[in-house]
Each structure stands twice: as structure tokens, then as C-alpha cells.
Amino acid sequence: MIAYIEPYFLDNDAEASAVAGISSSDGVSDIQGTIICGGAAADIAGKDFGGMNFVKPLAVVRPVGPEDIAGVVKAALRSEKLTVAARGNGHSINGQAMSEGGLVVDMSSTAENHFEVGFCSGDGTAFVDVSGGALWENVLKRCVLEYGLAPRSWTDYLGLTVGGTLSNAGVSGQTFRYGPQTSNVTELEVVTGNGDVVTCSEIENSELFYSVLGGLGQFGIITRARVLLQPAPDMVRWIRVVYTEFDEFTRDAEWLVSQKDESSSFDYVEGFVFVNGDDPVNGWPSIPLHPDHDFDPTRLPQSSGSVLYCLELGLHYMNSDSNSTVDKRVDKLIGRLRFVDGLRFEIDLSYVDFILRVKRSEEIAKVNGTWETPHPWLNLFVSKRDIADFDRTVFKELVKNGVGGPMLVYPLLRSRWDDRTSVAIPEGEIFYLVALLRFVPRCAKASSVEKLVVQNQEIVQWCVKNGIDFKLYLPHYKSPEEWIRHFGNRWSRFVDRKTMFDPMAILSPGQKIFNRSS
Ligand code: FAD
């Protein structure tokens with residue numbers, strides 16, 4: 001079957017022949033899926049969640065399966081300069097899933113290709129084979145509703161694809177225990193930059209397996225992932241407690257994530273910074289978990305500063321557990337924590353609702369228009385060694401009035417990350433995820449968004465200048481020197497892997513790490 005080519009409004013003959021190259025039926029590049037060109041392609045893949053980059057791809061391909069994707073890569077290899085970007089759900093901030101004048105593979109068309117639960121032959125651990133283009137939200141629902149099972153490691157928000165988060169890391173409040181999502185897959189099917197469809201794992205084609213995990217889309221396009229599962233709990237007790245002092249907040253958070261025995265800690269540990277004031281978005285009202293709960297600021301000591309800290313916790317339980325059993329477990333754990341008396345909020349909700357908790361924020365942001373406006377987000381990993389300095393300079397000064405959205409800060413353990421993957425993380429055993437999730441109002445001017453971008457750059461520059469042990473998460477750099485610094489002593493391995501699996505630098509050009517070879 002020959003590809004179905006949609007609105008064919010191409011600017012010139014060169015573009016027309018390049019698209020003809022992917023759709024020709026010469027036995028190599030015959031695409032079974034759909035090819036979309038012109039303005040319709042730009043509508044689909046010309047922008048992303050960040051809303052600060054706009055490009056015009058040559059075409060968007062909606063593949064049927066890995067053979068189509070291999071066909072696209074081979075067509076690009078035959079061309080002089082075409083590149084190929086896999087697009088998950090386009091939730092990048094800085095154009096990472098874009099390809100200016102190139103081909104974009106819209107992975108959503110493959111979302112339903114795989115869904116099969118199985119058990120590891122050794123220890124019987126359950127897993128699910130899912131598509132790289134599947135949304136985590138759908139993986140969650142099917143695993144829990146059909147099998148009573150669930151992936152162990154999540155992101156906060158689930159409108160993201162399996163391939164997209166595995167190309168970065170995938171972190172949330174379970175990462176301290178199970179590692180990032182990249183530590184919770186045992187096998188991948190990948191289309192490499194050579195146009196080969198390869199199955200890889202720790203023992204089979206292991207170099208490709210570890211390259212692709214956290215590989216920023218540079219080494220291959222993930223078409224299937226084998227994700228480890230655990231029995232899903234029925235319910236979660238979701239708790240927030242407030243601190244005025246950063247050192248008390250970090251001491252408790254680090255204590256919770258460092259417990260060896262699972263029953264000595266919560267199942268989910270995150271934290272965030274918020275403004276010590278009544279601002280509805282950035283301040284006290286953002287903390288209570290239920291409309292009936294009030295934040296009583298008279299509980300705060302006089303000495304409290306410009307910002308406060310909140311530890312966010314989750315405890316799993318089953319419907320068969322009595323209320324008093326759950327209360328006892330919570331009280332035992334929470335009794336050790338030194339939060340402000342009277343500033344504790346909690347609700348019980350189903351596990352699925354808990355894992356999907358950010359969907360509510362998405363709905364609200366869509367109503368008030370801030371889902372569509374630009375999102376100049378900054379995500380970093382900052383070593384425990386430097387997090388107090390970071391707090392003093394960034395949280396207490398630079399962003400003390402808030403960012404219009406969450407400011408996350410919570411500890412992770414290096415030992416739960418696999419050094420063989422491509423992700424770059426700081427040196428120390430404990431490091432913090434820091435996320436400034438900026439939302440700007442609908443009426444904001446371009447210049448005010450630019451100011452936020454500049455502030456992000458200032459924060460990164462401050463980290464560099466002060467020798468902070470940090471790495472950007474979901475990194476975005478403009479110069480080769482910055483990429484070299486980002487990867488540090490792993491840069492040469494990253495380059496070697498590129499030479500092995502994508503020697504012509506076809507893949508993920510939006511990351512701006514390598515230039516397409518001709
Ligand atoms: P895209 O943005 O489409 O792609 C990201 C990169 O991966 C691109 O370079 C692309 O070419 C490449 N890529 C996409 N699919 C594949 C594939 N199948 N194979 C190989 N490469 C591929 N991250 C967290 O870790 N934790 C969070 O809690 C979290 N919350 C978020 C909440 C929101 C509202 C948003 C917008 C983002 C959040 N993220 C979080 C960041 C998220 O992990 C990244 O945006 C990530 O890129 C996934 O998004 P995506 O699936 O849309 O991928």
C-alpha cells in the first residue's frame with residue numbers, strides 16, 4: 001500500500017521530492033501510515049507545550065509500526081539533510097521534539113500497538129509491554145482496571161508518552177524508592193538512526209539499551225518498552241505538612257527517602273516551596289487538599305520568612321485495611337516529623353485518582369487559559385551539598401514571589417539510578433529535583449515571558465559561577481560547550497554512542513546537540 005499523502009502544499013520542488021522520497025514504493029521507503037505536509041504539518045508539530053519555539057517541519061508521518069519508522073529514517077539517510085524527530089505528546093519546553101524542515105514521527109498513531117502483561121522468567125515480577133507512543137495515563141488505567149497492577153515509578157503528570165519520558169528519566173514521588181522510570185524498564189524495541197529495528201535489554205544489545213534510556217532521543221526511537229509492575233494499592237492517604245525552616249524540611253525529607261525498610265517510610269515523598277502570603281496561586285491557599293480545609297496562618301511563628309516549605313506524602317493501603325490501621329501507620333511515620341503544629345492537611349483517595357491528581361490542575365489551567373500560554377520552565381537536579389545555598393539565593397530571593405505554578409524541591413537517591421544510562425545527574429548520593437513550573441497569564445506580554453527566560457538563565461549562570469553540583473533536567477542548551485559541560489566526563493561516551501547508533505545525526509535535531517552530517 002502506498003502512503004496516503006494529506007494536504008500537499010509544499011513550498012518548492014526540493015520539498016516535494018523529499019516527501020516523494022519517503023512515500024515512494026521502492027521497497028525500502030514504502031510507508032503504510034499517513035504523511036501530512038504543509039500548514040497541517042506545522043499545526044501538528046510546529047510548536048510544543050513550552051510555547052516559545054515555532055518551526056515548520058517538512059512533513060509529519062503517522063506510522064503504523066516500527067517498519068514505517070525505519071522507512072522514514074532510511075529516507076532521511078538517503079537525503080542530503082533531512083532529520084527525523086519522534087514526537088511523543090509534544091510536552092517539551094524548548095522545541096526538543098521538533099524538526100525544522102525535517103520529518104516528524106507522530107508516535108500517537110502507534111499508541112495502541114502493544115499492551116501485553118507478562119511475568120519475568122527469573123523472579124516472576126510482572127511487566128507490561130507498551131508502545132513508545134502510549135500515554136502513561138492510558139497505561140495506568142489499563143494496568144489497574146484490567147490486572148490490578150501498576151508501574152512502580154511515575155511522573156507527576158501522565159499526559160506524557162512512554163518514549164518521551166524514557167528519553168529523559170521520568171521522576172516523581174516514587175523515584176526515591178524505585179529510581180526514575182528509566183530504572184524500571186527491562187527491554188526496549190528501538191528504531192536506530194541507521195534505520196534498524198532492534199530489541200535490546202541489559203543482556204541483548206545492552207549498549208543500545210542504556211544509550212536510549214535518558215538519551216534525549218539521540219540514539220533511537222522507542223517503539224516498545226517492557227515496564228515493571230507491582231500490585232496496585234486500592235487507596236492512598238495524601239498528606240501535606242508545612243515547614244518554615246528549610247533545614248528542618250530537608251532533614252525530614254532526607255530521612256524519609258533514606259529508610260531502608262519500606263514500612264519505615266511513605267510510598268510517595270515530594271516537596272515544594274510556596275509563598276508566605278495569601279496569594280491564591282502561589283501562597284497559603286495552594287496548600288490545603290480539600291475545599292473544606294483552611295490554612296491558618298496564625299499557626300506560623302513570627303520568625304517565618306518570605307517562603308515556606310511543604311512536604312507532600314502518600315501512603316498506600318488496601319480497602320481491607322481498617323481506618324484505625326491506616327491512622328496508626330500514618331501517625332507512627334508522621335510523629336517523627338517536625339512540621340508546624342496545626343499545618344497538616346490530608347485526604348483519602350483512590351490510587352488511580354492520586355496518580356492522576358495533576359489532571360485537575362490541567363483542567364483548571366485550560367479553563368483560565370494558562371495551559372496554552374508559554375511555559376518557561378526550569379528543571380534541575382541540585383546536589384544535597386549545595387541545596388541550602390540554592391534555597392538562600394533562588395527560593396528566598398529570586399523567586400520569593402512565586403512563579404505562578406508549583407516550585408518543586410524533593411530529594412532523590414543516586415544509587416537508584418543506573419550509571420550505564422545516558423542521563424546526567426549530580427555527584428552526591430542525595431540530590432534534589434528542583435522544578436520552577438512557571439505559568440503565565442493569558443494577557444502576559446512577550447517581553448514578560450522573555451524576562452522569565454532570562455531569570456532561568458541567571459539561575460543556571462549562578463549555579464555555574466558558584467560551582468554548584470547540578471545538572472539541568474530536560475536540558476536545553478544552545479552551544480556545544482554547554483552540552484560538553486552538561487555531560488562532563490560522560491561526553492565522550494555520549495559521542496561514541498551517537499557514532500554507533502545515529503552516525504549521520506538524523507535523530508531528534510530539536511535537542512541541538514549534534515548537526516546533521518551530509
Ligand atoms: P516529547 O516532548 O514529544 O519528546 C521529548 C523528547 O523525546 C524529544 O527529543 C523527542 O524527539 C524524544 N522522543 C519522543 N518520543 C520518543 C520515542 N518514542 N523514542 C525516542 N525518543 C522520543 N517529567 C518528569 O520526569 N516528571 C514529571 O512529573 C513531569 N511532569 C510534567 C508535567 C507537565 C505538564 C509537562 C508538560 C511535562 C512534565 N514532565 C515531567 C516533562 C516530560 O517528562 C517531558 O516533557 C518529556 O519530554 C515527555 O513528554 P512527551 O512524551 O510529550 O515527549
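The values are calculated or read from the model by the stated rules, or taken from the named source; none is laboratory data. Keep in mind it's a predicted model, so treat the numbers as computed, not measured. As a convention, Cβ positions derive from the backbone with ideal geometry for all residues, glycine included, and neighbour counts pool all protein chains shown. Just the protein is used for accessible areas: all its heavy atoms, side chains included, with ligands, DNA and RNA removed. Shrake-Rupley method; radii C 1.70, N 1.55, O 1.52, S 1.80 Å.
Tabulated values for the structure
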| item | result |
| --- | --- |
| Alpha-carbon centroids, the stretch 111-189 and the stretch 30-61: separation in whole Å | 27 |
| Derived scalar couplings ³J(HN,Hα) [the stretch 179-194; Karplus, 6.51 cos²θ - 1.76 cosθ + 1.60; whole Hz; x for Gly, Pro] | x, x, 4, 5, 8, 10, 10, 10, 7, 9, 10, 9, 9, 7, x, 8 |
| For the stretch 154-163, 3J(HN,Hα) per residue [Karplus equation, 6.51 cos²θ - 1.76 cosθ + 1.60, θ = phi - 60°, Hz, x = Gly/Pro] | 10, 9, 5, 10, 10, x, 10, 8, 4, x |
| DSSP loop chymotrypsin sites (Phe, Trp or Tyr not before Pro) with at most 15 other Cβ within 10 Å excluded, longest remaining stretch of the chain | 55-518 |
| The stretch 183-246: GluC sites (Glu not before Pro) in DSSP coil with no more than 13 other Cβ atoms inside 10 Å | 202, 204 |
| Reachable lysines, given that their alpha-carbon falls under 26 Å from the alpha-carbon of residue 465 and they are not under 8 places away in the same chain | 384, 396, 400, 451, 478, 512 |
| Heavy-atom SASA rank of 420, 152, 224 (probe 1.4 Å, accessible area, largest first) | 420, 152, 224 |
| Centre separation in Å (Cα based) which lies between the stretch 324-355 and the stretch 365-431 | 24 |
| Under-5 Å amide H pairs with residue 114, H placed in peptide plane, nonlocal only | 131 |
| Total charge dipole magnitude, the chain, about the Cα centre, Cβ charges on Lys, Arg, Asp, Glu only, Debye to nearest 20 | 920 |
| Low-density loop cleavage sites - trypsin sites (Lys or Arg not before Pro) in the stretch 335-376, where at most 13 other Cβ are within 10 Å (DSSP) | 336, 338 |
| For the stretch 130-147, Karplus couplings with θ = phi - 60° (6.51, -1.76, 1.60), whole Hz, Gly/Pro x | 10, 6, x, x, 6, 7, 4, 4, 6, 4, 4, 4, 5, 4, 6, 6, 8, 10 |
| Qualifying GluC sites (Glu not before Pro) for the stretch 248-354 [loop in DSSP, other Cβ within 10 Å: at most 13] | none |
| Residues whose placed amide H lies under 5 Å from that of residue 276, excluding near-sequence neighbours | 307, 308 |
| Sequence of 349, 213 from largest to smallest accessible area, 1.4 Å probe | 349, 213 |
| Accessible area per residue in Å² at 1.4 Å probe, computed on the chain | 41 |
| For the chain: relative contact order, % (alpha-carbon pairs under 8 angstrom, 6 or more apart) | 16 |
